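The values are calculated or read from the model by the stated rules, or taken from the named source; none is laboratory data. This one's a predicted model, so the numbers in the text were calculated from it and none came from an experiment. All Cβ positions, even for glycine, are placed from backbone atoms using ideal geometry, and neighbour counts span all protein chains on display. Each accessible area value is taken on the protein alone, full model and side chains, heavy atoms only, with ligands, DNA and RNA left out. Shrake-Rupley method; radii C 1.70, N 1.55, O 1.52, S 1.80 Å.
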Amino acid sequence: MAKKQTIFFNNQPRIISSYSIAGPKEKYSVFAPYFDLVLKNDLWDCSSYEMTERKMLEHVIFNAIERAKLSPQDIDALICGDLLNQIISSSFAARKFDVTYIGLFGACSTMAESLAVGACLVDGGYFDKVACATASHFSSVERQFRMPLELGTQRPPTAQWTVTGGGCSIVSNKGVGPKITVATFGKVADYNVTDANNMGAAMAPAAMSTLLAHFENTKTTPDDYDLIVSGDLGKLGAEILVDLMEYHGYKLGQNYMDCGHCIYTNGQHTFMGGSGCGCSALMLNSYLIQKIREKEYKKVLFMATGALLSTTSSFQGESIPSIAHAIVIEN
Amino acid sequence: MNKNERNERYNAYVESKIPKTHNFPSLLYAFLIGGLICVLGQTIKDSLLAIFDTMTPQDAGTWALIGLIFLASLLTGLGVFDDIGAIAGAGTIVPITGFSNSIASPALEFKKEGIIFGMCSKMFIVAGPVIVNGVVASIIVGLVYLIIGAF
């Protein structure tokens, strides 16, 4: 059943298994004990950072499947995306698996987008089991979107740090695990923010738009959720979102957290916090899913936000369009 | 409220929320580290002049520049320069060390795409505009000098 942007799942597909991977900087995160694998060095025996990102993606997909006691042949579709041009990490990782592949680009919103699309396909009865995955690597993303790594420049105070990490969830119509009950797909929002070093401000309006649509369509309020999680708005973006929601009459209180804001510690000089596909993927597939399984959080609204810019568009002075997708996970 | 008005209001609001750079510590670090680099350059020049009797001050200055360029490239290759630059800011960018770093860092970065299409062609992505503007400015100054000299 659908209501404008929101889809209510009748059969409530389940997340039967998940796996996460993190880079060496993320080792110092307070959530590090929940990560399944932490890399010792950021190249991971590969010859380029692009290959490392691909290997990370292959690793999470393979291990999530294995953890569900399945083999890649049992998976009906692989739904994944990443940040690199032409989503090469996802497509190249898909070569390793003899599985139907659906590539997505939702920038940093990919984790929520792939889970929402995957849940739709499973709920509709078209597929039995799908793998939803994404990953990002600080060094590959940084060299594509910004300056060479070793360039000795200062980052502006609004900058965020791309998370080296990734995650994969297996969504199935059978089995045990938390259920995906509702998904709200976002609309592109553009409030004419042009600063590519201030992603939080660019993405906050998209997050607001999705949250408003979600609360309205599901007739819920922020208090109905044990936890409302946003992807990588960062410290500034999260503050802006709280203000925007308050302006529209919804109060995001203690039950609101932003993955980007809390993934790094203060001493790591990441300024506004983490960003990238891997940020929300890592947090969802480690800490959050475990807490949902343990029923510490029974109903979680997971929303990932993405800034849909390219280097070409930002050099041509275009503003940054953004998107946010949300899903409700219950146990 | 129309869209333009909404966007303007939003951007003004964002501007008020952005944390500001702390000017005093930034300036202090830039001054200290930038000054230190200048002292190092001067030390190289003066030492060369003191050691070699035949060396002209101009040659000694050139050697000092070569020394600083080498040092900055070496530190870039060792992966230390960006850490210093993150603290020093303009202190390391403005002296010739910044120019050296701006060529060495993309050269390192794009080595993976091959020697010709990677390293050689991408080497000047940061330094290129500086060179272009430097050449254009020198042409303009040269023309002005030529015209004034003719009278």
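Just a few scattered comments:
- Inter-chain shielding of A:151-162 (mean C-beta neighbours from other protein chains, 10 Å cut-off): 6
- Charge dipole magnitude, Cβ of K and R +1, D and E -1 - chain A, Cα centre, debye nearest 20: 540
- Model label points for B:K112 and B:L143, set 7 angstrom from Cα along the Cα-to-Cβ axis, are 4.4 nm apart.
- Here the calculated FRET efficiency for A:C46 and A:N85, from their Cβ-Cβ distance with R0 = 22 Å, stands at 0.75, rounded to the nearest 0.05.
- Residue-count net charge about A:N197 - beta-carbon cut-off 10 Å; Lys, Arg +1, Asp, Glu -1: +1
- Separation of alpha-carbon centers, segment B:1-57 and segment A:114-171, rounded to whole Å: 33
- When the accessible areas of A alone and B alone are added and the area of the pair subtracted, with a 1.4 Å probe, the result is around 2500 Å², both sides summed.
- Taking a sphere under 13 Å around the Cβ of A:S17 and counting the other residues whose Cβ falls inside, with K and R at +1 and D and E at -1, yields a net charge of +3.
- Accessible surface of segment A:198-316 [probe 1.4 Å, protein heavy atoms]: carbon and sulfur percent: 49
- Chain-alone versus full-assembly comparison, segment B:3-51, residues with accessible loss of at least 30 Å² (1.4 Å probe): B:R6, B:N7, B:Y10, B:N11, B:Y13, B:V14, B:K17, B:I18, B:P19
- Per-residue packing, averaged as other Cβ atoms within 10 Å, sorts the ranges A:243-255, B:130-142 into the order A:243-255, B:130-142, beginning with the highest.
- Between A:Y247 and B:I131, the simple spin-label model (points 7 angstrom out along Cα→Cβ) gives 4.7 nm.
- Rounded to 10°, Cα long-axis angle of helix B:96-109 versus longest principal axis of chain B: 70
- Between 0 and 90 degrees, the angle of helix B:57-77 with respect to the longest Cα principal axis of chain B falls at about 50 degrees.
- Cα centroid separation, segment B:125-143 to segment A:245-324 (Å): 43
- At R0 = 56 Å, FRET efficiency that the Cβ-Cβ distance of B:A50 and B:R9 yields, to 0.05: 0.30
- Counting Cβ atoms of other protein chains within 10 Å of each residue's Cβ and taking the mean over peptide A:136-149 gives 2.
- Förster radius 45 Å - calculated FRET efficiency between A:A2 and A:T265 (Cβ-Cβ, nearest 0.05): 0.60
- Surface analysis of segment A:179-330 yields an accessible area of 35 Å² per residue, using protein heavy atoms and a 1.4 Å probe.
- When the C-alpha to C-alpha distance is required to be over 18 Å, the pairs from A:K179/A:K299; A:K25/A:K291; A:K3/A:K251; A:K187/B:K3 that qualify are A:K25/A:K291; A:K3/A:K251.
- Carbon and sulfur %, accessible surface of segment A:1-132 computed with the full protein complex present, 1.4 Å: 52
- Total formal charge among the other residues, if their Cβ is under 10 angstrom from that of A:A206, Lys/Arg +1 and Asp/Glu -1: 0
- Antiparallel bridges, percent of DSSP beta bridges restricted to segment A:179-330 (to nearest 5): 70
- GNM remark for chain A: springs join alpha carbons under 10 Å apart, and the peak mean-square fluctuation among A:K25, A:K69, A:K129 falls on A:K69.
- The GNM of chain B, with springs linking C-alpha atoms under 10 angstrom apart, assigns the highest mean-square fluctuation among B:N23, B:N11, B:N101 to B:N11.
- Accessible surface of segment B:3-85 [probe 1.4 Å, protein heavy atoms]: carbon and sulfur percent: 68
- Cα long-axis angle, helix B:128-150 against chain B (0 to 90 degrees, to the nearest 10): 60
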